[in-house]
1. Of all residues being outside any loop (DSSP other than H, G, I, E, B) and open to solvent by less than 60 Å² (accessible area, probe 1.4 Å) in region 1-24, which is farthest from V101 (Cα to Cα)? Just the residue, please.
2. Within region 292-340, which residues are surrounded by 18 or more Cβ atoms within 10 Å (Cβ to Cβ), in a helix (DSSP H, G or I) and not polar (S, T, N, Q)?
3. Kindly establish whether S289 is touching a helix residue (DSSP H, G or I) at 6+ places or on another chain (Cβ under 9 Å), open to solvent by less than 40 Å² (accessible area, probe 1.4 Å), closer than 23 Å to E262 by Cα and among the small types (G, A, S).
4. Considering only residues that are closer than 30 Å to G12 by Cβ and modelled with pLDDT of 95 or more, look in region 265-286 and name the one that is surrounded by the most Cβ atoms within 10 Å (Cβ to Cβ).
5. Among A212, A162, A199, which is the only one that is over 25 Å from R127 (Cα atoms) and in a loop (DSSP other than H, G, I, E, B)?
6. Show the residue pairs meeting these rules: Cβ distance below 6 Å; 6+ apart or different chains; first residue within region 296-310 and more than 17 Å from E206 (Cβ to Cβ); second residue exposed (fewer than 14 other Cβ atoms within 10 Å of the Cβ).
7. Just for region 199-224: of the residues that are among the charged types (D, E, K, R) and open to solvent by 50 Å² or more (accessible area, probe 1.4 Å), which one is farthest from E267 (Cα to Cα)?
8. Which one is least open to solvent (accessible area, probe 1.4 Å) among residues in region 170-190 that are in contact (Cβ under 8 Å) with a residue 60 or more places away in the chain and in a helix (DSSP H, G or I)?
Amino acid sequence: MAKQNIDWGNLGFGYIETAASYVSNYKDGKWDEGGLTADHTVTMSECAGVLQYSQSVFEGLKAYETVDGRIVTFRPDMNAERLYNSALRLEIPPFDKDRFVEAVKEVVRANADWVPPYGSGATLYLRPYIYGSGPVIGVSPAKEYQFRILATPVGPYFKGGAKPLTLKIADYDRAAPRGTGHIKAGLNYAMSLHAIVEAHAQGYAENLYPDAATRTKVEETGGANIIFIKGNKFITVDSPSILPSITRRSLEYVAEHYLGMEVEEREIPLTELTDFDEAGLCGTAAVISPVGKIVNGNEEICFPSGMEEMGPVTKKLYDTLTGIQMGRIEAPEGWIVPVE
């Protein structure tokens, strides 16, 4: 076994086929034993539930090589929990959480040669997902499903470092109250595509969505939770309509227990945006993407941290969490899961 002959330092953030994916099928009321496959194509009925009614949920996590040469994953149990809850909301039979973690390990082991070397800035990205594979024509849940995990090596989300982003307050709503904003479903991301294409055409990196009920409070962007820094406070949104980001919850712990910060989860009025020192988007792909400016109509809200680099507190959060992930800093118990 040897590493693939890949220019790891110049990898983009895109799909590259690897040795194996994981597949398990749900039929007659139960999931089969599942296993690895070298077949990276999917064949299904033209009337499959995912094609007719977008019945699909997914996750995203990474495997990487640490400073001491181990291959590990980061908090896969939390991805298992979130996928389980997402499935329940869309009437998809949930995949067992322990089986999920073992399947992640299995697919990483099978693709060990595609795990980028430590220090390259690249990682092995894992995409677990479940979709309705059985045919449905009336509006109802499918009776058959497939769970898959694909693996692909990816480079850093931001080449040459993370430059602060400019966001716009969205003209659209992201998720209705009591809707599906709190689950990781493909349908939530599909509805954001028009809004993000429009924002990009206007020169913005992302949309920041206000709450749909009143459009007066911060919620999240199309693909990430948002965090704010004010003095020694780490502040983030408390809302039942946002995705429970694993990265955001990890950063909250890092802020409190590693950096001695005060952590607040609460409603954030749009009128308070001018009070913050720093801001950032958090997620698996980039960990933290700094935000330098938010535009709300004719108003420009510029954070004191500026448009050239991450703010100092955001940088400490980023360095600490990535240090934990890469084995340079001691991790809380259970966060780092070795792939033997």
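1. G9
2. Selection gives V313, L317, Y318, L321, I324.
3. So S289 fails the test.
4. The residue in question is G280.
5. When all the criteria are applied, what remains is A212.
6. Nothing qualifies.
7. Checking each candidate, the answer is R215.
8. Checked region 170-190; the qualifying residue least open to solvent (accessible area, probe 1.4 Å) is G186.
The values are calculated or read from the model by the stated rules, or taken from the named source; none is laboratory data. Given the structure is predicted, the values throughout are model-derived calculations rather than measurements. No Cβ is skipped: glycine too gets one built from the backbone with ideal geometry, and neighbour counts run over all protein chains shown. Ligands, DNA and RNA are excluded from the accessible area calculation, which covers all protein heavy atoms including side chains. Shrake-Rupley method; radii C 1.70, N 1.55, O 1.52, S 1.80 Å.
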